[in-house]
Every structure is written in C-alpha cells, then in structure tokens.
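Following: one structure in structure tokens, then a few remarks.
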Amino acid sequence: VIGNPTVHRTGLVLYVLDLAAALGSPNVFSSASLDQMPKHLAVGEMFGDFYSMPVPDIERCDLLVIIGANPIASNASMWSVPDFRGKAEAMRARGGRIITIDPRLTETSRAADRHHHIRPGTDALMLAAIAHVLFDEGLVDLGRLAPHIDGVAKTEDAVHGFTPERVANRCGIAAADIRSLARDLAAAPRAAVYGRLGTCLQEHATTTSWLIDVLNTITGNLDEPGGAMFAKSAAFAGNTIGRDGTGEGVATGAYRSRVSGAPEVMNQFPLACLAEEIETPGDGQIRGLIMLASNAALSAPDGPRLERALDQLDVLVCLDIYLNETTRHADVIIPGPSPLEESH
Amino acid sequence: VFFSQFAHRNTARYSPPALVKDLAVPDDWETMIRLIGIVTGEGAEADLDALDDDLTRGLLDDLPAEHVDAVMTGLGAALASPRSVRLRRSTRWSRSTTP
C-alpha cells in the first residue's frame, strides 16, 4: 500500500516501483484511488499519459471555473499553485472572474464572483449540458488544436439530449445558469475549467474528469495561454520524453482483483478492495502487507473493517514516522527521516 | 518529479535537507532496498550498494546489452553513495511492474 507521502519523498518514490516489481504481486494499492485516479484515467485516455494533466494558467486567465475544489484551503491539488489566494485576488483585480461549483460554500467560493450549489454527484450531467449548449449554439471553437483533435462529432453525439432544462432539477442549478456558464466560457478570451477532489470521488468521476477537459478543448482553451496548459517537468515526464507525437498511450484492465474483479488502473487496485482481499480465504489471499507512509485505516472507506482485517495478517510492515490508526496494527514499524531531514 | 507535471510554472529546484539526520535512522532509499532484498530472498543483510546497482541495471533493460556497462561506468560517480539521486527512466507506472 503506497501512501500519499511516498510521492513527496525522493527515496521512496524512486524505489517504489522496484519494490512492487520485486514483490511480484498484483495487490498494489495507493491513496490515488481515494483521490485523483479518475483524473489520471481521463487524461490518460485523452492525452496518452496518466500524468499529462492540463492545469489553469491562472495568471493570464479571464474566467476560471472551479468545480469540487477548494484551492484557498489546499493551495490547489493536482495543480501546484503556491499562494492561490493571492493569485486569485490578482486575477480578479485585473478584471478576471472566478466561478465556483460545489455542494458546499467553500473558502474559495467566498472569494469568487459567483457560486453555484450543485447536488452531489451530478457534475457530469451539468458538464454534459454545458457541452451540449456549446455544440447546440454553435459556440465550439477548437482553435489551433483543431487538426489534432479526434472525436468531436462523437462527443457532440454523446452529450446530445443533455439539455440544461433536462438536467437542471437533478443538478439543482437553474437551466439559465447552466446556459450562462456555457456562453461565458465561450465568450471569455481565455478561460479554464478545473475540477478536483469532489469531481473525482463520485460515481461518474471519470466521465466528469473527461468532460472538464472536453470543455477546455471545445472552447479553444486547451494548451493556450490563460487556458488549461500542460506543465513541462524538468525530466522524466510523458510530455517531455521522446519525439513529439510519439508515445505508448495508456492501457488498463490487464488483470483484475481477486475478489471483486476490479480492473487494474496504473497497475493498482482501488484501496476500497484491500480489506476484502485480506478477509477472503483462497488462493491469492493477502497474508502479508507492506505499507509505505499510509494511514489507510483512517483514509480508506470503512476504516474499522480495514483495521480488523489488518489484524488478520500474518505480517504487517509499516514504514512510517507516526504511530497511528494503521501503524498500531503493525508487526514492525520502520522509521524514516523527518521531512526536514530529507532533501526535496 | 511527479508534482512538477501539475505545476502552474515550469521549475526545477533542489533543496538539501534543512536538518542533519540522526545517523541511526536509515534513509528511505536504504529501507526500500533492504525491503527489496528481503522480499527477493537476498535477506535483510544483503549488500545494499550491490542490490542498487542491480536495480539500476534493470532500468537499462531497453538498451542494447553492450551499452549497459558503458552507461553504468558513466554513472559511476552518480551511483556512489549517497544514492538519493538515481537514474530513472520514467516516473510513470510502467508496464514492467505488471506481475
């Protein structure tokens, strides 16, 4: 089990794949399935790499739509943007607008120009309706990327019928407001749609994540200044390796989890499947577990059930600097340096 | 390495540790290689540097065999301890981890 801090620590992240390969077990889990996995899958299918994730260019953006995210509290997630509050204030001071969509009135909503309360789990409907309006009213503009974009007609077909009037009651947002969102996105010289945790933790999360970048694409804001742009990592990133226009693409479902038959995505199963893999007898039952900086007993669904399952293991090894809900069940706790004793 | 792929600016920055580590606490890379040694049957007392060289060679699988030694020699200084900076082909979850 790979806990979130693993990817923040050089010594763990550089060896975690080696350890997984050495174990030779399909049973690899991480915090990603409690967080951003639907986004990985959506961008993987769209852009060919699980990590090629467009993020808003907030400093040049005219209209920023934030869905299921609270970057004033988080400094953004899957969008590293230090001092989000300062950048949001600067954006509005130069005439930019921020619209938030969330079931909850968040700190970010309070600092926005407009907030729409949405009924939980209905984001895909609202986004499909926005896309429908863009197609229906002839507002689609692919911009300079037009020669590189496949499937526009199929997308138009897919969202056809999702009129604002049809989804308004389900979403709890007035049809006129949904239409305005579409028209505003089309009219803004530079706009970006950003979704985060709330959009990833729901039944139709992958569709929702996909639709967010569909909107960025069909409004001509993908890979444009002030729109949703791709960061270029200094090294080792999918969009900086190899020649332009080449890449392996992504594949999922090469194998499935033993009990529920969940398909692997990024060589992992959902953390929600961990307890049943420990509890259910039979060939392939998990009898030993290594947890790297993970407090899954607190963060995974049904923590008490997972805690009981951890006690059934023959061996539980935790690499952690904390004694917590998870590590207190360990046979061995291996300490590491504190974050201040690590290079970054 | 992961997070610079979602950053609003393209940056590259290295920050050394702010505090000196207690020598009794193993570095993460040491623990990880030791765990790899244990699960592959090499045992808890396996030679960490030798195992790390093996892992690094594993990353060079895609190269023609005659080039691997040359790369390993070229990496000599970088591979010397401390090994917190290693050659990584990619941060992506590669198919090579598929059981």
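Give me the one-decimal nm value for the distance between modelled label points at A:ARG305 and A:ASP244, 7 Å along each residue's Cα-to-Cβ direction.
Inter-label distance under the simple model: 5.0 nm.
Return the inverse of the average 1/r over all pairs of distinct C-alpha atoms in the protein assembly as shown, which is the Kirkwood hydrodynamic radius, in Å to one decimal.
One decimal place: 23.5 Å for the Kirkwood radius.
Based on Cβ point charges of +1 for Lys and Arg and -1 for Asp and Glu, what charge dipole magnitude is obtained for the range A:70-219 about its Cα centre, in debye rounded to the nearest 20?
480 debye
Counting Lys and Arg as +1 and Asp and Glu as -1, what is the net charge of the other residues whose Cβ lies under 12 Å from the Cβ of A:ILE101?
+1
Using Cα atoms only, what is the angle between the long axis of helix A:84-93 and the major principal axis of chain A, expressed in degrees (0 to 90) to the nearest 10?
It is inclined by approximately 0 degrees.
Based on the Cβ-Cβ distance of A:ASP113 and A:SER260, what FRET efficiency does E = 1/(1 + (r/R0)^6) give at R0 = 45 Å, to the nearest 0.05?
With R0 = 45 Å, the Cβ-Cβ based efficiency is 0.55.
Counting Lys +1, Arg +1, Asp -1, Glu -1, what net charge surrounds A:PRO270 among other residues with beta carbon under 12 Å of its beta carbon?
Residues close to A:PRO270 contribute a combined charge of -3.
Can you tell me how the range A:39-177 classifies by the Cα gyration tensor, rounded, prolate or oblate, using a/c under 1.5 as the rounded cut?
Oblate, because a/c is 1.5 or more while a/b does not exceed b/c.
Using the per-residue mean of other Cβ atoms lying within 10 Å as a proxy for protection, in what order, highest first, do the peptides A:180-191, A:63-74 fall?
A:63-74, A:180-191
For A:LYS154, list the lysines whose Cα falls under 27 Å from its own Cα; do not include residues on the same chain fewer than 8 positions away.
Qualifying lysines at Cα under 27 Å: A:LYS39.
How far, in degrees from 0 to 90, does helix A:175-187 lean away from the longest principal axis of the Cα atoms of chain A, to the nearest 10?
Result, in degrees: 80.
Counting Lys and Arg as +1 and Asp and Glu as -1, each charge on the Cβ, what is the dipole of the range A:137-267 about the Cα centre in debye, to the nearest 20?
Computed charge dipole of the range A:137-267: roughly 320 debye.
Each reported figure results from applying straightforward, stated rules to the coordinates on display, with no laboratory input. Everything quoted here is computed from the prediction, not taken from an experiment. We place every Cβ from the backbone using ideal geometry, glycine too, and count neighbours over all the protein chains shown.
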